[in-house]
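Remarks on the structure that follows.
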Amino acid sequence: MTCPNENRLIRLLGGELPDNDRVEIVAHLQNCEACRSRHSELQHTWELLGQLEAVPPLRDLAPAVLAAAREETERSSRLYWARLVAAVALAIGAGSAIGLLQQRTSPLAAVHADVTADDVVQVIGIDSLETDSTVLSGLLLSEQAPTTAGEEGEL
């Protein structure tokens, strides 16, 4: 057996060890001078502590301790809810800000806008209409005549 730690020696003095541990440590103390010496010192201290008179508290501390525990619980509960509300508000604000930024900067935002042929003419310029631009004519035609399911397959 290895030498028992101080806590186990104190528990031996207090009678708190299971029987098999107690027997093992007592046998070790018979063979180990260092542990026997330390056990003797602890036993002397244990006996001195037993001679002290128990002094009752000057007042009953139970109500004060219970009140402090209740106050701490209430404070912790208020802090928990305040943190939760702040986190939810922050998440909502961050989500809204991200949504607004994506609307402003996303190239997909332009796809959803209603673009007319007049808008295309203004952006490209009148000169483009004079050339035989298949892109522009395709845009103008697609605006005027929506394609059907059969026509899409032909493209």
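Any read-out appearing in this document is the output of simple, stated calculations on the displayed coordinates, not a laboratory observation. Note that the structure is a prediction, hence the values are computed from the model and not measured. Ideal geometry is used to build each Cβ from the backbone, glycine not excepted, and the neighbour counts take in all protein chains shown.
Count Lys and Arg as plus one, Asp and Glu as minus one, and take only other residues whose Cβ is under 11 Å from that of Glu6; the net charge is then +2. Length gained on full extension, Thr45 to Arg78, computed as 0.36 nm times the residue gap minus the Cα-Cα distance: 7.2 nm.
Label sites at Thr2 and Gln30, each approximated as a point 7 angstrom past Cα along Cα to Cβ, lie 2.4 nm apart. Cβ-to-Cβ counts within 10 Å put Cys3, Cys35 in ascending order as Cys3, Cys35, the fewest first. If you look at the Cα atoms of segment 6-51, you get an Rg and a Dmax of 10.4, 30 Å. Each label was represented as a point 7 Å from its Cα along the Cα-to-Cβ direction; for Leu61 and Asn20 these points are 3.9 nm apart.
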